[in-house]
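Here the structure comes first, spelled out in structure tokens, and everything after it is commentary.
No value in this document is a laboratory result; all are computed from the given coordinates. Keep in mind the model is a prediction, meaning the values are calculated, not measured. Cβ coordinates were reconstructed from backbone atoms using ideal geometry, including for glycine residues, and neighbour counts include every protein chain displayed.
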Amino acid sequence: MSTTVHEPPKLDLERVPSYGGGNWRNVPPAGGDVRRVKSSPPPASTGIWVGLAAITMTFAAFTSALIVRQGASNDWHHFTLPRILYLSSLIIIVSSLTLEKAKKQSSFTF
């Protein structure tokens, strides 16, 4: 079995960005084949997606545990929610909508 080792692409030093930091990652090779340059998502974006996946999986696990527990046992008791809960939820939603409307009408941005 033989392996062919290719020479790395030559960089055209005149096309290298002049800013500091030595970021050579997205500089196309001298041959101009831009398709060979791969860009990857920033690490912060990957971390956000991993965090969202973990939160989603935790929510799914707790929801399925609740459904299984409710269906498998005879001692599950349903209870009615207090009426004040609905009122406080309504107040929170209305205040959120009011703040959003005020934000859109004002010239100050957050």
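Residue-wise, which Karplus ³J(HN,Hα) couplings in Hz belong to region 80-88, taking 6.51 cos²θ - 1.76 cosθ + 1.60, θ = phi - 60°, and x for glycine or proline?
Once rounded to whole Hz, the list reads 8, 7, x, 5, 5, 4, 5, 5, 5.
Where a ≥ b ≥ c are the square roots of the eigenvalues of the C-alpha gyration tensor, would you call region 60-110 rounded, which needs a/c under 1.5, or, failing that, prolate if a/b is larger than b/c, or oblate?
It is oblate, given that a/c is not under 1.5 and a/b is not larger than b/c.
Rounded to the nearest 0.05, what FRET efficiency do residue 106 and residue 72 have when you use their Cβ-Cβ distance and R0 = 41 Å?
With R0 = 41 Å, the Cβ-Cβ based efficiency is 0.15.
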